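Chemist: One structure, as C-alpha cells, below. Some questions next.
Bear in mind that the values in this text are calculations on the coordinates, not laboratory data. All values derive from a computational prediction rather than experimental measurement. Neighbour counts are summed over all protein chains in view; Cβ atoms, including those assigned to glycine, are modelled from backbone coordinates with ideal geometry.
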C-alpha cells in the first residue's frame with residue numbers, strides 16, 4: 001500500500017496540537033493529527049491564563065468552548081497565612097483578554113478534538129509514533145496502533161505537540177536539563193462538598209505553606225476541584241506515606257484549606273510528577289518544529305503551561321502555512337527567538353517566586369497600583385509586551401524592588 005502523503009503531520013491532540021490543526025485546517029492545508037491515547041483522558045494544566053484566548057480564537061475554536069459553561073477565571077489569589085494578594089485581570093497593564101477559564105482538562109481537550117473532527121480534521125486515535133526519518137525530501141513517520149498494526153505517513157513537515165510524551169526530543173536526542181530548580185507535584189481532583197458559596201468558591205488560589213511549598217486549588221463549574229502541592233522534590237520525599245498521604249499532610253499545614261479538604265474526597269487517583277521542568281537543545285529543525293510541553297515546561301505556579309503550548313502551536317502553524325505557500329520564513333528569529341523571549345520572562349518570575357523576592361512584592365503593603373497592574377499583565381500571559389517594565393526589565397526589576405522592600409523594612413525596624 002502506498003503511504004499517505006500530507007502537508008503537515010501533527011503529533012499530539014492536546015491544546016497545542018489542537019490550535020495548530022484548527023488554524024491549518026482553516027487555511028485548507030492537508031493535515032493529520034495523531035494521538036497516542038483515546039480522549040477523554042486526564043492531564044494537569046487545568047487553569048488557563050487570558051493570553052491563550054487569542055490562540056483559540058485564531059484557530060476557530062473559541063466559539064465551541066464558550067458553550068461549555070466552564071468556570072470563569074477573572075484573576076488569581078495568592079495566600080500566605082492571613083495575608084492575601086488578589087490579581088484582577090481587568091486591572092492589568094496594556095490590552096488583551098481580561099478573563100479566561102478553569103477547566104477539567106479531560107472534558108476541555110475532548111471538546112477541542114470533537115470540534116476539529118466536526119470541521120473535517122482527521123485524527124488517528126491510539127497510534128504511537130515509533131520512528132521518524134528525515135533523510136528524504138519528505139518526513140517519513142512510522143506509527144504503531146495499540147493493536148500492533150503499523151502505518152507509515154509521509155509529510156512535508158511535522159509539528160511535535162506531544163507534550164509530556166516528548167516524541168521528537170526523545171527520538172532525536174533533543175532533551176536538555178532545565179535551568180529551574182528541582183520541584184515535584186502531587187495532585188488529584190476532589191468532590192468539593194464543603195465548597196463555600198459565592199466568589200470564594202470560584203477563585204483559583206495559590207496557598208503558600210512554606211517559601212518553596214504551595215498548594216493550588218482550582219474550582220470547576222461541575223462542583224469538583226483540582227488540588228495539588230508543588231515543593232522541592234527532596235522535601236516531598238521526606239514526607240512519609242503514599243502520594244495521597246503526602247498530599248493530605250500538606251493540606252493539614254494550610255490554615256486556609258485544612259478544614260475544607262480534611263479529609264478530601266478524591267474522584268481519581270492521587271498522582272505525582274517528579275522533576276517536571278523540561279527544556280530542549282533546539283525548537284526547530286529541518287522540516288520539524290516543537291511546540292507546547294514537547295519543547296519547554298516551566299512550573300505550574302503561574303498557570304503558564306497551556307498558554308505557552310497554544311502560543312507556540314498557533315505560531316508554528318502560521319509560519320508553516322507561510323512556508324507551504326512559498327513564503328520565506330526565518331525560523332530562528334520568527335519562532336525560536338520569539339518563544340525563547342517569553343520563556344525567559346516567565347522563567348524569571350518562577351525563579352523569583354521560589355527565592356521569595358516575588359512573594360515580597362505580592363504581599364507588600366501598601367500596594368503600589370501601577371506595579372500591581374504591570375505584574376498582573378505578566379500573570380495574564382502578555383510576556384512579549386516591552387511597554388511593560390516587568391517584561392522589558394524582568395531580569396532585574398523584581399530583585400531591585402524586593403531589595404528596596406528589605407531596606408524599607410530594616411529602616412522601620414530600626
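Chemist: If I model a spin label at residue 245 and residue 193 as a point 7 Å from the Cα along the Cα→Cβ vector, what separation in nanometres do I get?
Modeler: Here the answer is 2.3 nm between the modelled labels.
Chemist: Could I have the simple spin-label model distance between residue 90 and residue 72, label points 7 Å from Cα toward Cβ, reported in nm to one decimal?
Modeler: In this crude label model, residue 90 to residue 72 measures out at 0.8 nm.
Chemist: I would also like to ask the following. Counting other beta carbons within 10 Å of each residue's own, what order do 19, 132 fall into, fewest first? Intermediate results must be reported in sequence, preceding the final value.
Modeler: Values: 19 32, 132 21.
Exposure proxy ranking, most exposed first: 132, 19.
Chemist: Any chance you could check the Cα centroid distance between the stretch 336-414 and the stretch 210-274 for me, in angstrom?
Modeler: Comparing the Cα centres of the stretch 336-414 and the stretch 210-274, I get a distance of 27 Å.
Chemist: Calculate the spin-label point distance for residue 355 paired with residue 136, positioning each point 7 Å from the Cα along the beta-carbon direction, and give it in nanometres.
Modeler: According to this spin-label approximation, the distance is 5.2 nm.
Chemist: Here's another thing I want to ask about it. Write down, largest first, the equivalent ellipsoid semi-axes of the stretch 186-273 in whole Å, where each equals the square root of 5 times an eigenvalue of the alpha-carbon gyration tensor.
Modeler: Working through the eigenvalues yields semi-axes of 21, 14, 11 Å.
Chemist: What is the helix-to-structure angle for 105-118, meaning the angle in degrees between its Cα long axis and the longest Cα principal axis of the chain, kept from 0 to 90 and rounded to the nearest 10?
Modeler: It is inclined by approximately 30 degrees.
Chemist: Using helices alone, what [θ] at 222 nm do you get for the chain, with -39,500 (n - 2.57) per DSSP H run of 4 or more residues, divided over all residues and rounded to the nearest 500?
Modeler: Values: 13 runs with 138 residues, N = 414.
-10000 deg cm²/dmol, from helical runs alone.
Chemist: A follow-up question, please. Taking the Cβ-Cβ separation of residue 409 and residue 255 as r and a Förster radius of 25 Å, what is the calculated FRET efficiency to the nearest 0.05? Mind showing how you got there, number by number?
Modeler: On the way: r = 23 Å, r/R0 = 0.92.
Once the sixth-power term is evaluated, E becomes 0.65.
Chemist: Right, something else. Relative to the longest principal axis of the C-alpha atoms of the chain, give the angle of the C-alpha long axis of helix 338-355, reported between 0 and 90° and rounded to the nearest 10°.
Modeler: Tilt of helix 338-355: around 30 degrees.
Chemist: Between helix 15-26 and the chain, what is the angle of the helix's C-alpha long axis to the longest principal axis, kept within 0 to 90° and rounded to the nearest 10?
Modeler: Value to nearest ten degrees: 50.
Chemist: Another question, then. State the Cα centre-to-centre distance between the stretch 192-206 and the stretch 13-57 in whole Å.
Modeler: The distance from the Cα centre of the stretch 192-206 to that of the stretch 13-57 comes to 29 Å.
Chemist: What residue among 227, 273, 204 has the largest mean-square fluctuation in a Gaussian network model of the chain, using Cα springs under 10 Å?
Modeler: Evaluated over the chain, the most mobile residue of the options is 273.
Chemist: Among DSSP bridges having both ends in the chain, what percentage is antiparallel? Round to the nearest 5. Display every interim value, and only then the final one.
Modeler: Values: 51 of 71 bridges.
Bridges in the chain that DSSP calls antiparallel: roughly 70 percent.
Chemist: Counting other C-beta atoms within 10 Å, which of 411, 348 has the fewest, and how do the rest follow? Intermediate values should be presented prior to the final figure.
Modeler: On the way: 411 8, 348 22.
Ordered by Cβ neighbours within 10 Å, fewest first: 411, 348.
Chemist: I've got another one for you. Mind telling me which of 193, 90, 226 comes out most flexible in a GNM of the chain, alpha-carbon contacts under 10 Å?
Modeler: The residue with the greatest mean-square fluctuation here is 193.
Chemist: Could you give me D for the chain, from Stokes-Einstein at 4 °C and 1.567 mPa s, where the hydrodynamic radius is the Kirkwood radius over C-alpha pairs? Units µm² s⁻¹, please. Let's see the in-between values first.
Modeler: On the way: Rh = 22.2 Å.
This corresponds to a translational diffusion coefficient of 58 µm²/s.
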